[in-house]
Amino acid sequence: MNILVIGSGGREHTFAWKLRQSKKCKNLYVAPGNAGTENTATNVAIPIDDFEGIKNLIFDKDISLVIVGPEAPLVNGIRAYLLQDPRLKDLRVVGPGTEGAKLEGSKDYAKNFMVKHGIPTAHSQTFGKDQLEEAKNYLKSVSYPIVLKADGLAAGKGVIICQDVEEATLTIDKMLAHSMFGQASERVVIEQFLKGIELSVFVLTDGHSYKILPEAKDYKPIGENNTGPNTGGMGSISPVNFAQGEFLRKVEERVIIPTINGLKSDHIDYKGFVFIGLMNVEGDPYVIEYNVRMGDPETEVVLPRIKSDLVDLMLATAEGSLSEISLEIDPKTASTVVMVAGGYPDDYEKGMPISGLDNTDDNTIVFHAGTKTAHGQIVTNGGRVLAVTGIGTSMLEALEKSYERVSKIHWNNVYFRKDIGHDLNALS
Ligand code: AMP
Ligand code: GLY
């Protein structure tokens, strides 16, 4: 069958790489893709918000399965847009509809969902633009640190942790009164700070049954020892050593089952990935956030550990037959190290030629994120440029492979964190 992946990051390259391994995948398209997906699939220069262009592509290329990578098209209703066309009634789409996508599109909606369905999460209260004074008064009554979250999508930047009431008062003012995150911060969720270790859990659901995919740990801050501003993610590891056995059982019982049941009882027809950002607080899981897609760079360590055919899994998700599928996971460890353009997450240069991409080996996979081909050469085209995944029988072996491969790749002003996995190593 012909398949379309929507997006252009490392996540989408990983999807293309894994889908390509299936005999059922005939023609594979990525819109708009990057220099990595160009080698695995056919790139089509259609932006992710051009729903009409995407629909025309589906007709033109006789596409039967669409996998939506990023959150924005889901929150903006791409599923309904495609499926309401009677000519596309047989199209299979992986990714929730508008209602389900609100779990990521509105933090207030997600909070209400969790409270309603008894899912453990930090205590919170939401304030709108016209409630600035109430919000400031509330900030006088809470304990610190406190977490301020823009309600809407803010490209991963809408969460600010404030250490004291002065900082929180200034920040709430910027968010609510001065549109710090545009429309996204017209409402702000003020949330209790949770102290613990974070991890990401991924669930695939067809609305009835679910499969738990390998969990992963993401390294968000730009600097070593988790210092400096947050990024999209500087590296990841799967499995996560502190999240096995009893803890994962609690996650399934207290978080995953109530989430799937909650979607059902709220009549939300959800077919896609649920990415649950969790905090492990002294052995108990609390939900920090829901995302309605896979994580990036978590996908770069999760999909390489899935042995099952990804086309089968995606079709079963879209068709509602996930309970008939078995999911086989590789017990090995996968690590990924993200190589970024110097300056990211602030200003950075684009268009730098990348060298060392030709050294291939069997133990590593170089997933492209912000890259493109210009005049026959692969150049940087974004902040996060490459995610270099290594696989090994232990975390140390996986990391050794990632870093060895990273050392052979170069461009002007390249930066990467050298401490991915160090915190987990200290825990084991
Ligand atoms: P989010 O955009 O919701 O993923 O939040 C960004 C980061 O803020 C998370 O990865 C956490 O490190 C941190 N964070 C969010 N909510 C909380 C919380 N309630 N307590 C502590 N840290 C949090
Ligand atoms: N790596 C975090 C995310 O994809 O949101």
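Quick notes on this one:
- Listed residues Phe275, Phe367, Phe193, most fluctuating in the chain (Gaussian network, C-alpha, under 10 Å): Phe193
- Each eigenvalue of the Cα gyration tensor of the chain, multiplied by 5 and square-rooted, gives one semi-axis; in descending order these are 31, 26, 23 Å.
- By the equivalent-ellipsoid construction on the alpha carbon gyration tensor, the range 73-162 comes out with semi-axes of 34, 14, 11 Å, ordered largest to smallest.
- Cα-based reach from Lys264 at 22 Å (exclusive), listing lysines while leaving out same-chain residues under 8 positions away: Lys102, Lys107, Lys111, Lys116, Lys211, Lys250
- As a proxy for reagent exposure, Thr380, Thr169 were ordered by neighbouring Cβ count within 10 angstrom, fewest first; the result is Thr169, Thr380.
- The alpha-carbon of Lys129 sits under 12 angstrom from the alpha-carbons of these aspartates and glutamates, leaving out residues fewer than 8 places away in its chain: Asp151, Asp173, Glu186.
- The residues packed around Ile260, meaning those with a beta-carbon under 13 Å from its beta-carbon, carry a net charge of -1 if Lys and Arg are +1 and Asp and Glu are -1.
- With a cut-off of 10 Å between beta carbons, the residues surrounding Val94 carry a summed charge of +3, where Lys and Arg count +1 and Asp and Glu -1.
- Helix content alone sets the calculated 222 nm mean residue ellipticity of the chain: runs of n ≥ 4 DSSP H residues at -39500 (n - 2.57) each, divided across all residues, give -7500 deg cm²/dmol.
- Taking a straight Cα-Cα cut-off under 27 Å and skipping sequence neighbours fewer than 8 places away in the same chain, the lysines within cross-link reach of Lys61 are Lys18, Lys23, Lys24, Lys26, Lys89, Lys271, Lys372.
- When only alpha carbons are used to place a centre, the range 26-87 and the range 107-144 end up 36 Å from one another.
- Enclosing the Cα atoms of the range 284-356 in their convex hull gives a volume equal to 216 cubic angstrom per residue.
- Extension gain from Ala374 to Ser209, taking 0.36 nm per residue of separation minus the Cα-Cα distance: 54.9 nm
- Were the residues from Glu328 through Asp362 laid out at 0.36 nm apart, the gain over their Cα-Cα distance would be 10.1 nm.
The numbers here are math on the coordinates, done by the rules we state, and not lab data. Computed from a predicted structure; not experimentally measured. All Cβ positions, even for glycine, are placed from backbone atoms using ideal geometry, and neighbour counts span all protein chains on display.
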